[in-house]
Amino acid sequence: MKILVINSGSSSIKFQLFSMKESKVIASGLIEQIGEQTGQIKISSIHHKEPITKTLHIKNHEQGIEIISSFLTDEKIINKLDELDGIGHRMVHGGTMQETAFINEKTIKMIEDFSSLAPLHNPPGLSGVRATMSKAPHVPQVAVFDTAFHQTMPNYAYMYALPYEFYERLHIRRYGFHGTSHHFVATQAAKELKKPLKKCNFITLHLGNGASMAAIKNGECVDTSMGLSPLEGLIMGTRSGDIDPAILFYLEREEGLDIKELDTLLNKKSGLKGICGTNDLREIKAKIKDGDERAKLAFDMFCYRIKKYIGAYFAVLGRVDALIFTGGIGENAVSVRHKICSELKILGIDIDKKRNEKRGVLTHFESKKSTIKLLVVPTNEELAIAKQTQHLIRKAAKRS
Ligand code: ADP
């Protein structure tokens with residue numbers, strides 16, 4: 001079975017083609033600056049050691065998909081796009097959709113309806129969908145939503161204490177993001193612990209440029225740190241995470257910042273970058289070594305916020321089987337895991353320093369004394385999307 005995974009941004013398309021038998025990537029690539037004067041193409045396949053790179057004007061997403069299709073056929077990986085077994089699309093906002101869904105008129109309408117909540121993500125996602133639908137009309141296409149895994153949260157966890165009518169009229173509530181990753185690493189961790197996911201209580205920490213946590217009870221999400229948008233919660237590369245909302249009124253009054261400027265401030269100029277000038281944790285660590293106090297402050301703030309959320313999620317869950325670290329920082333930043341976990345002895349967490357030295361591989365790093373398992377589980381959102389797409393197609397085939 002061959003499944004193509006598409007992740008469309010406003011001016012980009014990222015793709016991976018999987019051979020599902022071996023869960024192996026047979027071609028992948030990134031097309032950027034779509035719609036600009038010169039677009040960038042970088043594509044690789046199992047037939048090439050070096051990726052193929054090109055620059056040319058790419059009018060729109062449809063032409064981007066055309067380029068991917070021609071590459072795959074020229075490389076003799078497929079004869080035509082329409083012979084694929086399935087196409088899975090990463091879709092950021094699925095509203096209250098709990099499941100992966102076949103793309104049809106109804107799903108498209110629903111994604112459009114939720115576009116006002118994810119104006120930067122859902123419209124480009126749909127451009128990718130329309131492009132593959134016109135190029136491969138016979139291939140089943142599936143939408144995998146970042147929000148879906150979190151839709152099991154109880155109402156007291158997902159509601160904001162605003163006038164209720166805003167929930168009813170404008171659907172303002174917590175949705176949560178990175179759901180595909182939280183679900184993927186929780187599933188892998190359950191396998192590793194040889195326990196059915198349905199019996200596992202986990203706290204998952206997806207720590208990359210974007211960062212979020214989830215409290216998982218009996219395999220289902222019961223709370224998560226991102227909210228209506230991916231801005232709430234943890235301190236991130238360039239996003240503030242939780243702040244007192246009154247800061248915005250104050251900035252408007254004192255600095256005359258308008259909504260657009262506040263949006264840019266909180267999403268692009270805050271977080272680690274806002275405190276110490278860079279959002280790259282590797283650079284922050286290098287700066288700390290050179291005695292940079294702002295870098296140390298940013299690092300300490302980042303870890304402290306996570307520690308607070310872990311405490312909160314222990315209270316939410318009652319019993320915790322494991323903390324699961326993933327994402328660029330969660331998988332690689334030994335010092336972040338060390339700082340957070342070594343300060344949580346009170347919760348029964350005890351770290352094995354040596355085992356924590358490993359990076360980017362599935363590993364345990366709790367000591368023998370620890371009553372809570374500590375795991376690093378590398379995430380693979382594209383493979384998770386491919387697997388969910390395959391699962392839905394197989395389920396439908398069995399039914400018919
Ligand atoms: P995104 O949310 O953009 O997918 P990633 O999951 O790729 O982000 O994570 C990016 C972050 O991971 C950056 O802050 C980067 O510095 C950090 N990172 C990657 N490798 C390492 C490493 N070896 N040590 C520390 N931090 C790392």
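Looking only at region 22-61, filter to residues that are over 15 Å from ALA386 (Cβ atoms) and acidic (Asp, Glu); which one of those is nearest to the chain's Cα centre (by Cα)?
GLU32
What's the number of the only condition in (1) within 15 Å of the ligand (Cβ to nearest atom); (2) in a helix (DSSP H, G or I); (3) closer than 20 Å to PHE202 by Cβ that LYS307 fails to meet?
Going through (1) within 15 Å of the ligand (Cβ to nearest atom); (2) in a helix (DSSP H, G or I); (3) closer than 20 Å to PHE202 by Cβ one by one, LYS307 breaks only (1).
Could you tell me which of the residues THR147, THR152 is β-branched (Val, Ile, Thr) and either under 14 Å from ASP321 (Cβ atoms) or under 16 Å from the mean Cα position of the chain (by Cα) (or both)?
When all the criteria are applied, what remains is THR147.
Test of understanding: among PHE166, PHE184, which residue is closer than 21 Å to ILE306 by Cα and either under 22 Å from the mean Cα position of the chain (by Cα) or assigned to a helix (DSSP H, G or I) (or both)?
Only one candidate passes the filter, namely PHE184.
Between residues in region 52-79 that are closer than 16 Å to THR38 by Cβ and residues that are charged (D, E, K, R) and open to solvent by 40 Å² or more (accessible area, probe 1.4 Å), which pairs lie under 6 Å by C-beta distance while being six or more apart or on different chains?
THR53/LYS42
Can you tell me which residue in region 285-298 is nearest to the ligand (Cβ to nearest atom), limited to those that are in contact (Cβ under 8 Å) with a residue 12 or more places away in the chain, open to solvent by 20 Å² or more (accessible area, probe 1.4 Å) and in a helix (DSSP H, G or I)?
The selected residue is LYS285.
Go through region 315-333 and count every residue that is within 11 Å of the ligand (Cβ to nearest atom) and touching a helix residue (DSSP H, G or I) at 6+ places or on another chain (Cβ under 6 Å).
Residues flagged as within 11 Å of the ligand (Cβ to nearest atom) and touching a helix residue (DSSP H, G or I) at 6+ places or on another chain (Cβ under 6 Å) within region 315-333 amount to 3.
Where residues in region 257-284 are open to solvent by less than 40 Å² (accessible area, probe 1.4 Å) and within 20 Å of the chain's Cα centre (by Cα), which of them is nearest to the ligand (Cβ to nearest atom)?
This residue is LEU281.
Please go through (1) touching a Ser or Thr at 6+ places or on another chain (Cβ under 9 Å); (2) within 26 Å of GLU381 (Cα to Cα) for ASP352 and return the number of the only condition it doesn't satisfy.
The number of the failed condition is (2).
Test ILE349 against the stated conditions and say whether it is more than 30 Å from LYS21 (Cα to Cα), at pLDDT 95 or above, crowded, with 17+ Cβ neighbours inside 10 Å and in contact with a strand residue (DSSP E or B) (Cβ under 8 Å, 6 or more places away or on another chain).
yes
So which strands (runs of 3 or more DSSP E) stay within region 24-131 end to end and still have 2 or more residues that are open to solvent by less than 60 Å² (accessible area, probe 1.4 Å) and among the hydrophobic types (A, V, I, L, M, F, W, C)?
24-32, 39-45, 86-91
Looking only at region 9-21, count every residue that is assigned to a loop (DSSP other than H, G, I, E, B), under 18 Å from GLN388 (Cβ atoms) and either open to solvent by 20 Å² or more (accessible area, probe 1.4 Å) or at pLDDT below 95 (or both) and tell me the total.
1
Residues of region 226-275 being among the small types (Gly, Ala, Ser) and either touching a residue at least 60 places away in the same chain (Cβ under 8 Å) or part of a helix (DSSP H, G or I) (or both), which ones?
Passing the criteria: GLY227, SER229, GLY233, GLY241, ALA246, GLY271, GLY274.
Can you pull out every residue in region 206-249 that is surrounded by fewer than 22 Cβ atoms within 10 Å (Cβ to Cβ), more than 16 Å from the ligand (Cβ to nearest atom) and within 19 Å of PHE149 (Cβ to Cβ)?
Listed by number, the residues that qualify are LYS217, ASN218, GLY219, GLU220, VAL222, GLY227, LEU228.
Which of the residues spanning region 299-334 are small (Gly, Ala, Ser) and within 22 Å of the chain's Cα centre (by Cα)?
ALA312, ALA322, GLY327, GLY328, GLY330, ALA333
Pick out the one residue from ASN380, ASN356 that is under 27 Å from LYS285 (Cβ atoms), open to solvent by 30 Å² or more (accessible area, probe 1.4 Å) and either within 16 Å of the ligand (Cβ to nearest atom) or in contact with a strand residue (DSSP E or B) (Cβ under 6 Å, 6 or more places away or on another chain) (or both).
ASN380
The values are calculated or read from the model by the stated rules, or taken from the named source; none is laboratory data. Fair warning: this is a prediction, and the values are worked out from it, not measured in the lab. Here the Cβ is made from the backbone with ideal geometry for all residues, glycine too, and neighbour counts use every protein chain on show. With ligands, DNA and RNA removed, areas are computed over all heavy atoms of the protein, side chains included. Shrake-Rupley method; radii C 1.70, N 1.55, O 1.52, S 1.80 Å.
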